[in-house]
Amino acid sequence: MKNIIHTIAASLALLMLFGSAQSRGEVMTKEQVIAEGDKMAEAQLAILKGNYWGRFWVDGVMWAGIADFAKISPKGSKYQDEMEKMGNRGKWTLILNPKEPNHADDICIGYAFLDAYEKKKDPIMLQDVKARLDQASDLILSAEMEQKAAQAKNLPWNEGLTWYWCDALFMAPAVHARLSAITGDPKYLKAMHLEWKRTTDLLYDKEEHLFFRDAKYIPKLTKNGKKVFWARGDGWVVGALARVLPYIPKDDVLRPQYETLLREMCTKLASIQRPDGTWSPSLLDPDQFPYSETSGTALDCFAIAWGINNKVLDEKTFRPVVAKAWAALLAARRPDGLLGYVQGIGSEPAAVRTDFTVWYAQGAFLLAAAQVAQMAPIDVPPAPTLTALPPSTPTPTPTPSTTPAAPAASPANK
């Protein structure tokens, strides 16, 4: 009964908040898809109002989306100028967590720095990213980390690896791979290959073709007895695959492993997509939190569309999956242009509110828009009715006995 009330309330909130969303199916042209991306980018930049000091992972994901989308938008030069302002405000330096100086979250913003560098060729834009990735790569390739990685399953969840949680695969590897492509130094790519394998060996469930968020979740079950796979966590991973593959050489002997992983994960995700085009916060237990969540959906939409555009995924099979996901993302737009139905910062499945958004969601939407535009024209189905808690409703928390809470104030919570 409680869930029914929530659903009715959410539907009413949807009508009030998102009544301007498309109500009928349509064929969207490339220009129309780009226009939707421009609305998102403009809305996000309007909120920031030039306050570009932030360089944490939340900002990094947002700027990664802006960087990719700028390449196809007629307003691209404006977005690139704004990204350059951001870099100049922080003197093109990454933030530093003294307790974990090689933390993947702190490296994420480096992708935007590299994008700016490739356009301006200003060495200052590259200086700190290179220094930090030299340090991170040397650590990953060290004998010390080799010994720890061999014992990762027996060590505390955050001690065996440098990238010990699946989200890290989105945050740092694309910077490693792109820096190798820019500098011609294979060290960064070699380190990425090695640590990616270590993370995959630890967290990838070969039966379900999904990643556990981190080692704490491997033995955990939901109250309904299902394995705990977090929608945004697996979204980070498939999104990461779409971000690193462009920078892995075609003749790299390890490249097929990444393509196979993308096919396996996307096939699984396609099989559990909700009728409304989204993915539930708890991928294998949609009843745990029966809500439409858009940040994970945007990442999945991006990755699957990239796979189609680059002939890694079968277009006939996966195009409908992208179309449904894109329709859901459009339906989730708030009146201010930003993306609603976003699960807040966390590390596990949780409830969703209709009006909630965070910067990383805008970045994920723009990544998706850049790839969907390349697929256009695209048949977009009628706007679905999305489900979430109404605005300002306190969100229920997972049961501690079944789903562990994340460490307080952990920089790895997403």
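If I ask for residues that are surrounded by 15 or more Cβ atoms within 10 Å (Cβ to Cβ) and among the charged types (D, E, K, R), which ones from the range 82-99 would you list? Result: GLU82, GLU84. Condition check for ASP201 on (1) closer than 19 Å to THR260 by Cβ; (2) out of contact with any Phe, Trp or Tyr (no Cβ under 8 Å at 6 or more places or on another chain); (3) surrounded by 23 or more Cβ atoms within 10 Å (Cβ to Cβ): one failure, at (3).
Under 25 Å from LEU262 (Cβ atoms), surrounded by 14 or more Cβ atoms within 10 Å (Cβ to Cβ) and touching a residue at least 60 places away in the same chain (Cβ under 8 Å): which single residue out of ASP115, ASP167 fits that description? Break it down stepwise before answering.
On the way: ASP115 fails: touching a residue at least 60 places away in the same chain (Cβ under 8 Å).
Result of the check over ASP115, ASP167: ASP167.
Working only within the range 143-164, note down all residues that are surrounded by fewer than 13 Cβ atoms within 10 Å (Cβ to Cβ) and farther than 15 Å from HIS193 by Cβ.
Pass one, the range 143-164, residues surrounded by fewer than 13 Cβ atoms within 10 Å (Cβ to Cβ): 143-144, 146-147, 150-151, 153-154, 156, 159.
Result: ALA143, GLU144, GLN147, ALA150, GLN151, LYS153, ASN154, PRO156, GLU159.
Would it be correct to say that GLN273 is of a type in the set (S, T, N, Q) and part of a loop (DSSP other than H, G, I, E, B)? The answer is yes for GLN273. Picking from residues in the range 57-75 that are crowded, with 17+ Cβ neighbours inside 10 Å and without any contact (Cβ under 8 Å) to a residue 60 or more places away in the chain, the one that is farthest from LYS121 (Cα to Cα) is SER73. Selection of the range 193-223 for residues being in a loop (DSSP other than H, G, I, E, B) and in contact with a helix residue (DSSP H, G or I) (Cβ under 9 Å, 6 or more places away or on another chain) yields LYS206, GLU208, HIS209, PHE212, ARG213, ILE218.
Taken across the range 214-230, residues that are under 17 Å from GLU293 (Cα atoms) and either within 17 Å of the chain's Cα centre (by Cα) or surrounded by fewer than 19 Cβ atoms within 10 Å (Cβ to Cβ) (or both) do occur, with at least one present. Among the residues making up the range 307-332, those that are closer than 17 Å to LYS268 by Cβ and not hydroxyl-bearing (Ser, Thr, Tyr) are GLY307, ILE308, VAL312, LEU313, ASP314, PHE318, PRO320, VAL321, VAL322, LYS324, ALA325.
Yes/no matrix, rows are residues, columns are (1) modelled with pLDDT under 95; (2) part of a loop (DSSP other than H, G, I, E, B); (3) among the hydroxyl-bearing types (Ser, Thr, Tyr):
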{"position": "ALA327", "(1), (2), (3)": "no, no, no"}
{"position": "GLU348", "(1), (2), (3)": "no, yes, no"}
{"position": "VAL372", "(1), (2), (3)": "no, no, no"}
{"position": "SER392", "(1), (2), (3)": "yes, yes, yes"}
{"position": "PRO396", "(1), (2), (3)": "yes, yes, no"}
{"position": "THR402", "(1), (2), (3)": "yes, yes, yes"}
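Which is at pLDDT 95 or above and farther than 15 Å from ASP167 by Cα, of SER282, SER295?
On the way: SER295 fails: farther than 15 Å from ASP167 by Cα.
One residue alone meets the criteria, SER282.
Just to be sure, is SER77 at pLDDT 90 or above and more than 22 Å from LEU299 (Cβ to Cβ)?
Details: at pLDDT 90 or above: yes; more than 22 Å from LEU299 (Cβ to Cβ): yes.
So SER77 fits the description; yes.
Across the range 300-349, the number of residues qualifying as buried (at least 23 other Cβ atoms within 10 Å of the Cβ), of a type in the set (D, E, K, R) and within 12 Å of MET375 (Cβ to Cβ) comes to 0. For first residues located in the range 247-276 and touching a residue at least 24 places away in the same chain (Cβ under 8 Å) and more than 18 Å from ILE308 (Cβ to Cβ), partners that are of a type in the set (Gly, Ala, Ser) and outside any helix (DSSP H, G or I) and lie 6+ apart or on another chain with Cβ distances below 8 Å form the pairs ASP276/SER292. Checking every residue in the range 242-258 against the condition of being buried (at least 24 other Cβ atoms within 10 Å of the Cβ), modelled with pLDDT of 95 or more, under 17 Å from the mean Cα position of the chain (by Cα) and more than 26 Å from LYS197 (Cα to Cα) gives zero matches. For the range 271-299, taking the residues that are aliphatic (A, V, I, L, M) and surrounded by 21 or more Cβ atoms within 10 Å (Cβ to Cβ), the one that is nearest to the chain's Cα centre (by Cα) is identified as LEU299.
The values are calculated or read from the model by the stated rules, or taken from the named source; none is laboratory data. Remember, predicted model here, so these are calculated numbers, not experimental data. A quick note on method: Cβ atoms are made from the backbone with ideal geometry, for glycine too, and the neighbour counts reach across all protein chains shown.
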